[in-house]
1. Sort 53-63, 104-114 for me by packing, meaning the mean count of neighbouring Cβ atoms within 10 Å per residue, highest on top.
2. Net charge near G149: determine it from the other residues with C-beta under 12 Å of the C-beta of G149, scoring Lys and Arg +1 and Asp and Glu -1.
3. Kindly rank 35-46, 215-226 from highest to lowest mean number of other beta carbons found within 10 Å of each residue.
4. Kindly write out, for the range 184-192 in residue order, the coupling ³J(HN,Hα) from the Karplus curve 6.51 cos²θ - 1.76 cosθ + 1.60 (θ = phi - 60°), rounded to whole Hz, with x marking Gly and Pro.
5. For the range 74-87, in order, what is each residue's ³J(HN,Hα) by Karplus, 6.51 cos²θ - 1.76 cosθ + 1.60 with θ = phi - 60°, in whole Hz (x at glycine and Pro)?
6. Of the cross-linked pairs K133/K225; K153/K203; K133/K153; K133/K216; K188/K216, which ones have a Cα-Cα span greater than 22 Å in the structure shown?
Amino acid sequence: MNRAQFLRTATSIALAPLAPWAETRALALGRRRTDFTFTRLQYTSGDWDVDQRMPANVLNSLIEYTTVDVTTRERVVPLSSPAVFDAPFCYMAGHRLVQFTAPERSVFQRYVQNGGFVFVDDCNHDIDGLFAKSFEAQIAALFGATALGKLPKQHALYRAFFTFPDGPPTTSLELNGWGDDLVHDYLKGVVLDGRLAILYSNKDYGCEWDYDFRNKRFLAEDNTKFGVNIVMYALTGGA
């Protein structure tokens, strides 16, 4: 199973400042438009059901800024289930221990090796926290000790739809001293066969976007725009 079989892509035309090539890409993808479902991974060891309003918020942004045809409710799938392979995008987050069972380990590894994309968010915002340490140990065991590396600010992720010339946007949680009291000016990832297969954040975007989407009108700038980039990168592979 390759990435093309995973990607059920959709056209996307933004209503806000875009990367210069976003509209052209949207038109090119128009013939392949289908649904996008926000898929959350349920894993056995930890608190997988965090930031429960975040998926609806990101889905609202896809509706507002693009013409991606979305399923309006998130889908929760056990990581041990073959249903994971139906999704081009999966989300995984938590605060606590990440210790994959044997079936979870097998599905996770095969999913990303065969074209899937997983966005993993550390809700502790703490590089020395339990989630970070245990998740990183799982990745090292599956893909090698050096597999997880920092993404350069020039990575295609930062221009997949909106343009973020300075790399990943800072969260309010980083600025208010939560977690490790650091502003992380990078994201990490695992690259397989030249494509970003696992995107890993210690910035706690899940909690940053965990609010009722109707409250966006009170923000000077919609902070979920980067979520649109993550989804669009997952759907297009940064092409």
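1. Descending packing order for the listed peptides: 53-63, 104-114.
2. It works out to a net charge of +1.
3. Ranking the peptides 35-46, 215-226 by packing returns 35-46, 215-226.
4. In residue order, the calculated couplings are 8, 8, 8, 10, 10, x, 10, 9, 10 Hz.
5. 5, 10, 9, 10, x, 4, 7, 8, x, 4, 4, 6, 7, 9
6. Those over the limit are K133/K225; K133/K153; K133/K216; K188/K216.
The numbers here are math on the coordinates, done by the rules we state, and not lab data. Owing to the predicted nature of the structure, the values given are computational and were not obtained by experimental measurement. Quick reminder, even Gly has a Cβ in these numbers, built from the backbone with ideal geometry, and neighbours come from all protein chains shown.
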